[in-house]
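The values are calculated or read from the model by the stated rules, or taken from the named source; none is laboratory data. Just so it is clear, the model here is predicted, and its values are computed rather than measured. Because the Cβ atoms are built from the backbone with ideal geometry, glycine has one as well, and the counts that use them run over all protein chains shown.
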């Protein structure tokens, strides 16, 4: 399965819905999307990972890269994920301390720093 | 003697194939369903690292994956041809991939209890194994 990406705006947040597999092959597409959004002035991102089937360290690297970019613009990057197998990867790498992870897009959009 | 041997050109698009093959052979070997997700991730990380090392050193040779069904264990060895492939320290200029080599190994060590990385002048190997009940 390939990677699917779609974006929508909710208030001042940009929601990126990601589906499929994020790995060494597909992660560059996600990186391009995040870079493009930040360059276009979208500095508050919510990455919805509910439809992600697979995530590896390359994907984590891209998300960390995205976080660095939005923070440079005083923005934010929040994740939406309820899937235990995906959450586990954030836990074993200690990245749960780096990313705010929410149960739903509504919750992520409503959250403030 | 490996149960299944896989060689693939060091390109990112083939890593998924390696994950799928490894999971399929592991399932047949009786590895518990509950650890197949972790096995898939770990073998993907090992292959991703090998592909990255081959690219870094401009190697044209394939990455090797050996899947071996033992009596009580299922083992996977991922071999690369990169000389002395210790984790690379790269500049943090670009924000992709720079930490993922180390992060990949961190993911594997977090997932797999029985895991070792070896490297010599010929190349590197990542060995991992999981308990397997004999499939009847």
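Structural remarks
- Considering the range A:35-53, and only residues there that are more than 21 Å from residue A:107 (Cβ to Cβ) and more than 13 Å from the chain's Cα centre (by Cα), the residue that is surrounded by the most Cβ atoms within 10 Å (Cβ to Cβ) turns out to be A:53.
Each row is one residue, and each column tells you yes or no for (1) over 11 Å from the mean Cα position of the chain (by Cα); (2) away from chain B (no Cβ under 14 Å); (3) assigned to a strand (DSSP E or B).
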residue	(1), (2), (3)
A:33	no, no, no
A:59	no, no, no
A:96	yes, no, no
A:107	yes, yes, no
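- If the condition is being touching a strand residue (DSSP E or B) at 6+ places or on another chain (Cβ under 6 Å) and farther than 18 Å from residue B:2 by Cβ, then the range B:116-130 contributes only B:117.
- Qualifying residue in the range A:65-84 (condition: surrounded by fewer than 16 Cβ atoms within 10 Å (Cβ to Cβ) and under 17 Å from residue A:4 (Cα atoms)): no
- Verdict on residue A:7 being without any contact (Cβ under 8 Å) to a residue 40 or more places away in the chain and either under 25 Å from residue B:101 (Cα atoms) or under 11 Å from the mean Cα position of the chain (by Cα) (or both): no
- In the set B:41, B:59, only one residue is within 14 Å of chain A (Cβ to nearest Cβ) and modelled with pLDDT of 95 or more; that residue is B:41.
- Among the candidates B:119, B:133, residue that is surrounded by fewer than 18 Cβ atoms within 10 Å (Cβ to Cβ), in a strand (DSSP E or B) and modelled with pLDDT under 95: B:119
- The residues on offer are B:31, B:65, B:43, B:15, and the sole one that is part of a strand (DSSP E or B) and either touching a helix residue (DSSP H, G or I) at 6+ places or on another chain (Cβ under 9 Å) or surrounded by fewer than 15 Cβ atoms within 10 Å (Cβ to Cβ) (or both) is B:65.
- Residue in the range A:77-85 that is free of Cβ contacts under 8 Å to residues at least 12 places away in the same chain and assigned to a helix (DSSP H, G or I) present: yes
- Some residue of the range A:5-16 being part of a loop (DSSP other than H, G, I, E, B), surrounded by fewer than 21 Cβ atoms within 10 Å (Cβ to Cβ), modelled with pLDDT under 95 and away from every other protein chain (no Cβ under 14 Å): yes
- Residues in the range A:61-94 that are within 21 Å of residue A:20 (Cα to Cα), away from chain B (no Cβ under 12 Å) and in contact with a helix residue (DSSP H, G or I) (Cβ under 7 Å, 6 or more places away or on another chain): A:77, A:78, A:80, A:81.
- Residue in the range A:25-41 that is in contact (Cβ under 8 Å) with a residue 24 or more places away in the chain and at positive phi present: no
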